[in-house]
Amino acid sequence: MRPISRTALAAASAAVLAGTAFAPSAAGAPHDGAAGKRPIVGRAAAKQGGTAATVTLVTGDRVQVVTDGQGHSTATPLPDAKGRQPLVRTRQLGKDLYVYPASASAALAANRVDEELFNVTGLIRQGYDDARTGELPLIATYGPSVDVARSAPAAPRGARRGLPLPAVDGVALKADKKQASEVWRDVADRRTLAGSGLKKLWLDRKVATTLDRSTKQIHADQAWAAGYDGKGAKVAVLDTGVDAGHPDLKGRIADSRNFTGSPSTDDLQGHGTHTASTVGGTGAAGGGEKKGVAPGADLLIGKVLDDSGTGESSWIIAGMQWAVDQKADVVSMSP
């Protein structure tokens, strides 16, 4: 739990874009690899116990990824509807395999597209392979000529607009994989409405809850003895929502907002209630013995992780902006 100012919001949001829980490692400059119908890199076939998955990239190119029992992956570009084999370059970084189509070379060289959109093993790890989702979540950020807070930029053809993200001058998008090539042509062309003001296209990465150690380690009892219990302060808790009926939190929640695909701010996963109680619970459920760090503070609950405990970077960014707009003195983010 730490203070966050309005001026720090953009930097913190950029950190969410740059790397979050479950986010695969970043790659350096790609190098030339082989292309064709044979596997691009690694072993020719999966060993017993291996897995296979098909991944549609943001460019619309499709890749079959085979991972053997030791975690080594190979990739084969699949022909398009007209039978044409895409030209690709590859990079292996640890166990992460990056596949770069030729159609993305200019955007990659100009740093207008996130390389994690081409980390095929990372996309599978996050559940973005074709078997598990028909959409690819993106974050589009724009230059100073585009004011996303006042006027939402045009959505690329084949994509639908999600949360506005003025903290990073961006907007969340969901690209239909069946129309991914159209989405890519629209954003890659600076002459289109969708591409003219585009600064960079990012993968909207998966995030997940983590547990922390007991707050007894920070000597909160000494702060209470000195008269500091958080009274008069607003603390925003960005997590999986909250059980508003929990004894520790009754009457403690000043406002709440849901940024996820779940139907309400109710906490069906449990982590958000745990975090909110740790931050500002009264301790009523334990007879007053297990108070939160700031039992006198007003709590703002932002649900940025869904009922499974996972979410997207754009949800967190939107929650951070909401917390600042609510004039939160402190923002607690568990992801």
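The values are calculated or read from the model by the stated rules, or taken from the named source; none is laboratory data. Note that the coordinates shown come from a computational prediction; the quantities given were computed from them, not determined experimentally. Every residue, glycine among them, receives a Cβ derived from its backbone with ideal geometry; neighbour counts consider all protein chains shown. Just the protein is used for accessible areas: all its heavy atoms, side chains included, with ligands, DNA and RNA removed. Shrake-Rupley method; radii C 1.70, N 1.55, O 1.52, S 1.80 Å.
Counted as qualifying within the stretch 59-137 are the strands (runs of 3 or more DSSP E) with 3 or more residues that are more than 20 Å from Lys178 (Cβ to Cβ), touching a Gly at 6+ places or on another chain (Cβ under 9 Å) and open to solvent by 30 Å² or more (accessible area, probe 1.4 Å), namely 88-93. Residues to consider are Gly261, Gly272; find the one that is under 30 Å from Leu173 (Cβ atoms) and part of a helix (DSSP H, G or I). None of the others qualify; the one that does is Gly272.
Name the residue that is nearest to Gly292 (Cα to Cα), counting only residues in the stretch 258-272 that are surrounded by fewer than 18 Cβ atoms within 10 Å (Cβ to Cβ) and touching a residue at least 12 places away in the same chain (Cβ under 8 Å). The selected residue is Gly270.
In the stretch 138-156, of all residues being of a type outside the set (A, V, I, L, M, F, W, C) and surrounded by 12 or more Cβ atoms within 10 Å (Cβ to Cβ), the one that is farthest from the chain's Cα centre (by Cα) corresponds to Asp147. Before we move on, is Leu249 crowded, with 22+ Cβ neighbours inside 10 Å and part of a loop (DSSP other than H, G, I, E, B)? For Leu249, the condition - crowded, with 22+ Cβ neighbours inside 10 Å and part of a loop (DSSP other than H, G, I, E, B) - is met. If we keep just the residues of the stretch 293-321 that are assigned to a loop (DSSP other than H, G, I, E, B) and among the β-branched types (Val, Ile, Thr), which is modelled with the lowest pLDDT? Only one residue tops the list, namely Val293.
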